[in-house]
Amino acid sequence: MMISCALKSWALALLLFVNGCSAYTITGVSDLEFLDVDTGIDGLKTLFTEEPTQVTVALSWEGEATDSDGPITYKTFVDGKLATEGSLKLDEDGPPSSLDAGIFEVKDRGTAKITVEVSYGDSSESGDRSIQAYGNGVSLIPLFVVLGFAVASRMVEFSLFSAIFVGACMVAGNLKDGFKTTLDVYILDAIADVGHVYVFLFTLFLSGLVSMMQRSGGMQGFTRAVARFATGPRTGQLAAFFVGCVVFFDDYANTLLAGQSMRALLDSLHVSREKLAFVVDATAAPIASISPVSSWVGFEVGLIQDEIDKIIEREGTDDIGIETSGYAVFLESLKYRYYPIFMLIFMVVLIWSKREFGTMLIAERKTQVYKRTDGGDGKGEAGEMEVSPHITPRRGTPFHSFNMIVPICLLVFFIFYLLVQTGEIEGEDQTFMDKIEASDSYSALLWGTMATSILTLLFYILQFVKDGKSVWPTMQMVKDFAFNTKPDDYDADHHPRSLMNLQENLDSFLHGMGKIFPALIVLTLAWAVGSMMTDVGADRLFARWIVNGIEPEMLPTISFVISLFMALATGTSWGTMTILFPLVLVPTYDASGGDPTIFYATTAGILSGSVAGDHVSPISDTTVLSSLACDCKLLAHVATQFGYVMVVVFVSILFGTIPIGKDAWPNVIGFLLGTLVLVAFIYLVCVPVISKSGKFDVITEIVLWSRNRRGQRHHHSVELEQIKEDTVLAFEGKEVSPLKKTHADEEEGDSDSNGKEPAYDPSAMEKPEDEVVEDEAVPVESAEEESTEKDSKEVSQKEKTKFGLGGMFG
């Protein structure tokens, strides 16, 4: 009996032990994650005070379920005070790996400690996380740091790094950790990202290829061929515009080539340096930004793709109502790029009409009325551009345009071929555009650029020149080249040689890569700023404004205006795009309900506004570079093109972004109406440079009338009245005396500008193109002089640093 009772007791104890061991037990609560309730943005690194936030925790378990298992209970504390609590019943699938532990609000600014306690049965665990909390307006502080420091210091690199540091300190809560995360989180992550590395390499390879084309004499040959048709101010400006359009693949190459090579020709045709700088600047970024094959496209596509991936991840499906390829969205946005397209149209009509407006009209009359061949008052200081031997054609190099045309054709072919190849989906019937939209643009741009560089190297090596002319290779030439042998009578200037040997090709290629390195520094900092702005919560603030406070129909206009002012202040279009895309695109998708037109137009608004602000900014790389390449005073260039930029901006808004957002009319109607308004402005407001009445445009005349009425005979007013009288004489074909020097000119020391006709030595300037025939051999001395003095100059690193150049892209 006693044995039987003992056995029953042991069996009961064993059963209780087994049941106890098999019950679920919580072993850990970790990985607290926060989600903004109002916007649905998760992964928060900082919190906004007095705004609802949801917390999610990861749970660890041991054991198995029993019949007596009860609910899971949780309590969430903020700085030790209970904020919310609740419970969750286990389902048949077992315990959850994560738990939504309620919604809470942080009341006080500073470091908030969020603690979550989770209990189940007799087991209980807790986890906590410290995070910085502040008012939502504080999230804009890094943005103001970027803008303020950029304006004050005129160094975009310094302003971007300062903003990263300030934002990192806001996230970390102290200076020490903020300094560390600035380097090993934000900047390091920007460099280590695979997509960013693709952009780095593609940009480096393309810049190297451009330098090779410069040293081969191909760019100079192409420019000389185009300039042959320039016989007057109109055709000269159209030739400069055409050169800028053809060099569509890179805004740096565009600016340097058109500015340096067309400068002397347009001087001889009485075109002011201000007008040349405007033509060069207005074809650089606008052309490169809308070209499907350029140094811009990989960068733009990468930014767009990042935001599309976020939308896809959040929606949990590829069927999101818009294109899922960044390149496809880029192509869709082209028809909404109002500013660059209107600017190109405006410039062609303006040149053809021979009319000007405002300060540009004054600058043009000072050169054309007085037949000046020195570039006018806007001519810059000599020596701002320095020669680099790595892109200077060797003595005796013929300037053949095909040495630029062939590499460009190869580049376009390879990129489009690889876009199609990477976009093919096996087993699907695809159109050409289907393949383009499904392509891997990163790989196509990278592989295509490198393949073009290799073939271009071989193309230059296998060309032979002698005495400034191309010659067909003979077996002896090939033998001497292959074995690096030289005959006894070898003469470096007259013996057949390769157009560019291997060493010269590599030197040029590496020089081009090094030249773009400052741009990549700015690009890296801009990427880091974009990531930091998301962490401090600027994306949540913008999302609240866009989703709750702004009509979706106004988003294309608002994105255009915001990006314009940011690019104007920072001087970098790429930096502006990098900062704004993460802040605007996803909220735009939410606010518009995934409307494709609003999404594409807002994307285009950011891209176009960045170009517009960059175009008029005095600290922009393309603005400064245009001034240097054209040897034009920077402030004179900014002042004369400002009015034109603002006219195109207003037309882009009134006939582009506003109507397309409100679906007022088809897009093509907007372009037609905008073009008509621009033409009307040119023919109704602008006036001919040489006119019968000599009057200025209506705004300038009003300013003159106002000064005269108030008795303010300013020295500039006296000068303008004299120009009006001389314009009439020039129209009648009479001789015009040099413009008299004003008191202000005496103070500035511009003795060569106004006091008398500048002492100009025609022999010191390159001859007009009527003495040069496309693809003809250039004499040895001429080739060296031309390439050294105007065709192969570049911006010094000192000037880039001084003006905070944002890269080859704005």
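Quick rundown of the values:
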| item | result |
| --- | --- |
| Given (1) modelled with pLDDT under 80; (2) more than 19 Å from G298 (Cβ to Cβ); (3) outside any helix (DSSP H, G or I), index of the condition S439 fails | (2) |
| Pairs with Cβ under 9 Å, 6+ apart, first in the stretch 722-736 and of a type in the set (S, T, Y), second open to solvent by less than 60 Å² (accessible area, probe 1.4 Å) and modelled with pLDDT under 85 | T727/V736 |
| Residues being closer than 21 Å to K469 by Cβ and in a loop (DSSP other than H, G, I, E, B) - total across the stretch 397-429 | 5 |
| Those helices (runs of 4 or more DSSP H) lying entirely in the stretch 501-605 with at least 2 residues open to solvent by 10 Å² or more (accessible area, probe 1.4 Å) and within 21 Å of Q305 (Cβ to Cβ) | 517-536, 538-544, 573-591 |
| Residues of the stretch 73-87 classified as open to solvent by 70 Å² or more (accessible area, probe 1.4 Å) and within 17 Å of G28 (Cβ to Cβ), total | 1 |
| Of all residues making up the stretch 261-287, the number that are open to solvent by less than 10 Å² (accessible area, probe 1.4 Å), hydrophobic (A, V, I, L, M, F, W, C) and either touching a Cys at 6+ places or on another chain (Cβ under 6 Å) or modelled with pLDDT of 80 or more (or both) | 10 |
| Residue within the stretch 662-675 that is open to solvent by 60 Å² or more (accessible area, probe 1.4 Å), of a type in the set (S, T, Y) and in contact (Cβ under 8 Å) with a residue 40 or more places away in the chain present | no |
| Matching residues in the stretch 606-627 - criterion: being surrounded by fewer than 24 Cβ atoms within 10 Å (Cβ to Cβ) and either part of a helix (DSSP H, G or I) or within 13 Å of the chain's Cα centre (by Cα) (or both) | V616 |
| Filter result (in contact with a Ser or Thr (Cβ under 8 Å, 6 or more places away or on another chain) and part of a helix (DSSP H, G or I)) within the stretch 674-698 | G674, I682, Y683 |
| Matching entry among I290, I308, I304 (being buried (at least 20 other Cβ atoms within 10 Å of the Cβ) and either hydroxyl-bearing (S, T, Y) or in contact with a Lys or Arg (Cβ under 6 Å, 6 or more places away or on another chain) (or both)) | I290 |
| Checklist (1) outside any loop (DSSP other than H, G, I, E, B); (2) touching a Gly at 6+ places or on another chain (Cβ under 9 Å); (3) of a type in the set (G, A, S) applied to G70, failing item | (1) |
| Selection count where residues are within 22 Å of G244 (Cβ to Cβ), within 17 Å of the chain's Cα centre (by Cα) and either among the aromatic types (F, W, Y) or open to solvent by 10 Å² or more (accessible area, probe 1.4 Å) (or both), scope the stretch 323-365 | 5 |
| Near pairs, Cβ below 6 angstrom, 6+ apart or cross-chain, from the stretch 690-706 (open to solvent by less than 70 Å² (accessible area, probe 1.4 Å)) to any residue that is of a type in the set (S, T, N, Q) | G694/T727; L704/S717 |
| Residue ranges of helices (runs of 4 or more DSSP H) in the stretch 150-216 with at least 1 members open to solvent by less than 40 Å² (accessible area, probe 1.4 Å), aliphatic (A, V, I, L, M) and under 30 Å from H400 (Cβ atoms) | 194-216 |
| Qualifying positions in the stretch 406-439 - out of contact with any helix residue (DSSP H, G or I) (no Cβ under 7 Å at 6 or more places or on another chain) and within 21 Å of Y460 (Cα to Cα) | I408, C409, V412, F413 |
| Residue match in the stretch 249-256 (condition: assigned to a loop (DSSP other than H, G, I, E, B), under 21 Å from F399 (Cα atoms) and not charged (D, E, K, R)) | yes |
| Selection count where residues are closer than 23 Å to N174 by Cα, open to solvent by less than 50 Å² (accessible area, probe 1.4 Å) and either among the aliphatic types (A, V, I, L, M) or not in a strand (DSSP E or B) (or both), scope the stretch 106-135 | 6 |
| Output for the stretch 513-532, where each listed residue is among the small types (G, A, S), more than 12 Å from the chain's Cα centre (by Cα) and farther than 14 Å from D193 by Cβ | G514 |
| Enumeration of residues in the stretch 585-625 that are hydroxyl-bearing (S, T, Y) and out of contact with any Pro (no Cβ under 8 Å at 6 or more places or on another chain) | Y589, T597, Y600, T603, S610, S617, S620, T622, T623 |
| Selected residue (criterion: farthest from M513 (Cα to Cα)) from residues of the stretch 419-470 that are free of Cβ contacts under 8 Å to residues at least 24 places away in the same chain and open to solvent by less than 60 Å² (accessible area, probe 1.4 Å) | Q430 |
| Failed condition for K379, given (1) modelled with pLDDT of 75 or more; (2) within 21 Å of T449 (Cβ to Cβ) | (2) |
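The values are calculated or read from the model by the stated rules, or taken from the named source; none is laboratory data. Predicted model only: the values in this text are computed from it and were never measured. Heads up, the Cβs are rebuilt from the backbone with ideal geometry, glycines too, and the neighbour counts pull from every protein chain shown. We work out accessible area using only protein heavy atoms, side chains counted, and drop any ligands, DNA or RNA first. Shrake-Rupley method; radii C 1.70, N 1.55, O 1.52, S 1.80 Å.
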